[in-house]
1. Please give the direction-averaged projected area of the C-alpha convex hull for the stretch 141-227, in square nanometres with one decimal.
2. Does the stretch 77-212 come out rounded, prolate or oblate by the C-alpha gyration tensor, with a ≥ b ≥ c the root eigenvalues, rounded set by a/c under 1.5 and, if not, prolate when a/b is larger than b/c and oblate if not?
3. How many lysine pairs does the chain hold where the Cα atoms are under 25 Å apart and the two sit 8 or more places apart or on different chains?
4. How would the stretch 111-166 be classified by its alpha-carbon gyration tensor: rounded, prolate or oblate, with rounded meaning a/c under 1.5 and the a/b versus b/c comparison settling the rest?
5. Please state the shape class of the stretch 155-293: rounded when a/c is under 1.5, otherwise prolate if a/b exceeds b/c and oblate if not, all from the C-alpha gyration tensor.
6. Express as a percent, rounded to the nearest 5, the fraction of DSSP beta bridges in the stretch 135-286 (both residues included) that run antiparallel.
7. Starting from the Cα coordinates of the chain, work out the convex hull volume and express it per residue in Å³.
8. Averaged per residue, what accessible surface does the chain expose to a 1.4 Å probe, in Å²?
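The values are calculated or read from the model by the stated rules, or taken from the named source; none is laboratory data. The structure presented is a predicted model; accordingly, all values stated were derived computationally and were not measured. Calculation scope for accessible area: heavy atoms of the full protein, side chains included, ligands and nucleic acids excluded. Shrake-Rupley method; radii C 1.70, N 1.55, O 1.52, S 1.80 Å.
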Amino acid sequence: MSTTHHRDYKRIATEEGWITKELMDRYLALLERGDHGDPGFQNLWGFFGTSQSPRARGLFERIQDMDARRLADMDATGIDMQLLMLTSPGVQVFESADACALASSSNDQLAETIARHPHRFSGLAAFAPQAPEAAAVEIERSVNRLGLKGALVNSHTQGRYMDDEFFWPIFEVCEALDVPLYIHPNTPSPQMVEPFLSRCLDAAIFGFQAETGLHVLRLIVSGVFDRFPKLKIVLGHCGEGLPFWLYRIDFMHAGIVRSGRSEGAKPLKRKPSDYLRENFFYTTSGMAWEPAITFVQQQMGYDRVMYAMDYPYQFEADEVKAMDALPLSPEQKKMFFQTNAERIFRL
Ligand code: 1DF
Ligand code: MN
């Protein structure tokens, strides 16, 4: 496929995974010990880290390569730039001190990778939500000193969700720096994973979106966006199902608040869908499917939906062709592939 000829837009892929050698070794050691208390992590990285299947071995190689192989794959599929993020669950399965050290080191390595190929790579900062104050410092360092474009969290951290005020220093710093927080999926938390796990529904087939959609709704109904009205969140996978549910969520939330039936559901300044339309942006990772993308563009705005591939988990040349064929005007096409990402992440 051609790379830059015959089109007047760059293809920027906005949810692209990588991992440091160091973190992969730590995952393998943790799996071996098995004392992490996260069955979703065990199933996910037990597969990608240790299975001898061609899919797992191919992914194991690709996700660690930050030079020739990755660039060749990008060239082969016509991807001009990858926005890189430390793959799920990042450092969130480790205890605080280790997690902080691993996040800093991975951000340093990411900045070095970007410096080697500044026209091909950009990236988001990893951080350890387990240590929110240190996380805020690391996000600030990554953005202001390393030139990273925002931060990313992989949903729950050891079963805890960010509507808990414990985590709010992270929202505070993202809002203050005016950079987006990408909420990437994780396997369902230990307290909800069992019915997923026993049918292998815990990862990207369904558990990811159930977990992440739940997390986002917890943030909204707890009032996070009334407290941090300028906070910008990015969701992958066309919004983890939430755009489809806007009407029902608004309707039911209004009833719950009116009846005062739970202290956990506070009256909000706006409807849940208003926050999803105004504080959120969406990428199409793993959802190269015209009806879903068109729906999200129509509902959330053509200026809020960005292309993503989800390399190397989803690396399909045909999907890029399908995205090129989306029913969009030339101007909308350029927004989708290029200028929305440039604006939202300040690339
Ligand atoms: C998978 C999919 C794994 C996505 C991922 O990270 C991931 C997968 C561990 O297929 O198991 O980021 N994804 O975003 O769809
Ligand atoms: Mn992903």
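1. 6.2 nm²
2. Since a/c reaches 1.5 but b/c is at least a/b, the shape of the stretch 77-212 is classed as oblate.
3. 20
4. prolate
5. Rounded is the answer for the stretch 155-293, as its axis ratio a/c remains below 1.5.
6. So the antiparallel bridges amount to about 10 percent of the total.
7. Convex hull of Cα atoms, per residue: 130 Å³.
8. Using a 1.4 Å probe on heavy atoms only, each residue of the chain averages 42 Å².
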